[in-house]
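Laboratory data are not the source of any read-out in this text; all were calculated from the coordinates shown. These numbers come from a predicted model, not from an experiment. Because the Cβ atoms are built from the backbone with ideal geometry, glycine has one as well, and the counts that use them run over all protein chains shown.
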Amino acid sequence: MLQTLTDWTGQLAGLLWGNVLTLAVLLGVGLYLTVKFNFVQIRGFKHSLALISGRHKQTECEGEVSHFQALSTALSATVGTGNIAGVATAISLGGPGALFWMWVTAFFGMATKFAESTLAIKFREVGADGVVAGGPMYTLMNGLKMKRTAIFFAFFAMIASFGIGNLVQVNSVVDGLSYVAPQVKEYSWLVGVIMALMVGMVIIGGVKRIAKIASIIVPFMAVIYIVAAMIVLLNNYTAIPEAIGTILNHALNPWAVGGAAVGEAIRWGVARGLFSNEAGLGSSPMAHAAAKTKEPVREGLVAMMEPFIDTLVICTMTGLAIIVTGAYLNPPEGVAGASLTAHAFSQSIGEGGAAVVGISLSLFAFSTIIAWSYYGDRSVKFLFGEKAVLPYRLIYTVLIVVGAIVPLQLVWNIADITNILMAIPNLIALVLLSVLVNKLRKTYFENQSAGNE
């Protein structure tokens, strides 16, 4: 039964992702918005850093969390197993060139994140109790009067929360820990139970508790992983130029590696790039909608740093570590995904490297699971009302245990299918409202230049 389901979902995922139209739309919208917004990811980069660090002061506004907490919550969802397992999977299936296409997806994705989070603030709803509700479903409903499309997005966002935000995360933790300690595989259900209990204690408290935990975990876990990755790269620094050449060759040179190989690099690079940084997916705007700001563009600028941190920094380090160590060439049997990254780290810095990957993976997955629970419960509230939120959280917590024991490929297939189905309505909203976002962008930067708040 499970094998049949795995095969069927694999065929559907392949149909959705393995065609030129899907890739053209995903990259095309990012390219269009980049040009439309006058390369805001470059021109607004410095100002974005000032907003995140708090150097740019603003008056306190309605909302539930700070800029940094909103970014941390969104990053806790994006900086997850995609940075460890997703990169490894992309390189395993698409070759080293897939990393280049993850970079392309991230660069254009910065403009996409800017747009979707700007709109999230513009069209959010703030209740009498101060609780915020926002995201693509509210943008579609309040900004475009497309209620049916908004329902479509919210439904697939709810389903996606069980896949990309839950099952994939805990499944990859088991995979990564099993490389360090093979006996973990026999007790995968126990890993699921432990994570379920930890997640349950956090998500019952809602977005404020999630944001508070995320703002502590995200910087800590990112530093640990980046330091370990830097050690691997420093140990193999002479191989880095050759690795970059290999990446570019496999990504862009069909005469050297074959047209089919370049096609696979594009497919898996874009798919895993979207999975990792979630640009265009419409998930992180739900976190940014809760920010304490009255200025939509300001939160858009904060949000656009996610693909930079997630993909251009952390994913790059993972990918380079796998390539410079040669771990992807002849991995041991059964080593793929998170375990391939653990294998690469252990090749350079011994068993301690694999342990760091296992620990980082657990922290990454935990933070992603709690952030995606918020995205899911906002979608559930939109669809069924506040009374449905608690039952959703309970089901979400139980499914963590299920995710620890189901086959890895089935979980990835479900994530890929739901990702693309929730991205479609969000991308429609971004294109249709791009003129509004550009107007808001111009007004904001004109006021900044004039010294006006």
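A few notes on this one:
- log10 of Debye I(q)/I(0), alpha-carbon scatterers only, for region 98-205 at 0.16, 0.21, 0.24 Å⁻¹: -0.99, -1.13, -1.20
- Here Lys292 is the anchor, and the aspartates and glutamates within straight C-alpha reach of less than 19 Å, apart from those fewer than 8 places off in the same chain, are Glu60, Glu62, Glu64, Glu116, Glu125, Asp129, Glu306, Glu453.
- Partners for Lys185 among lysines (Cα-Cα distance below 28 Å; same-chain residues under 8 apart left out): none
- Shape call, region 280-409: gyration tensor on alpha carbons, a/c limit 1.5: oblate
- Adding -39500 (n - 2.57) for every DSSP H run of four residues or longer, then dividing by how many residues the chain holds, sets the calculated 222 nm ellipticity at -24000 deg cm²/dmol.
- Taken as Cα centroids, region 18-57 and region 79-153 sit 12 Å apart, rounded to the nearest whole angstrom.
- The order of the peptides 179-185, 124-130, 86-92, 136-142 by mean Cβ neighbours within 10 Å, most packed first, is 86-92, 136-142, 179-185, 124-130.
- For region 8-447, with +1 on Lys and Arg beta carbons and -1 on Asp and Glu, the positive-most of Ser48, Pro331, Phe366 along the dipole: Ser48
- Taken as entire DSSP H runs, the helices of the chain that both span 20 Å or more between Cα atoms along their own long axis and average -0.5 or more on the Kyte-Doolittle scale are 2-17, 20-36, 97-122, 147-162, 188-203, 206-235, 259-277, 351-384, 389-403, 408-432.
- Positive-pole candidate from Gln69, Val174, Met141, dipole of region 8-447, charges at beta carbon: Met141
- Kirkwood radius for region 8-447, taken over all pairs of different Cα atoms as the inverse mean of 1/r, rounds to 21.3 Å.
- Here the gap between Val126 and Val35, fully extended at 0.36 nm per residue and compared with their Cα-Cα distance, gives a gain of 29.5 nm.
- Overall form of region 360-425 per C-alpha gyration tensor (a/c, 1.5; a/b vs b/c): oblate
- Rg and Dmax [Cα atoms of region 239-307; Å; Rg one decimal, Dmax integer]: 17.7, 52
- Dipole check for the chain: with +1 at the C-beta of Lys and Arg, -1 at the C-beta of Asp and Glu, and the Cα centre as origin, the magnitude is about 1260 Debye.
- Under 19 Å from Lys147, Cα to Cα: lysines that are on another chain or at least 8 residues apart: Lys122, Lys381
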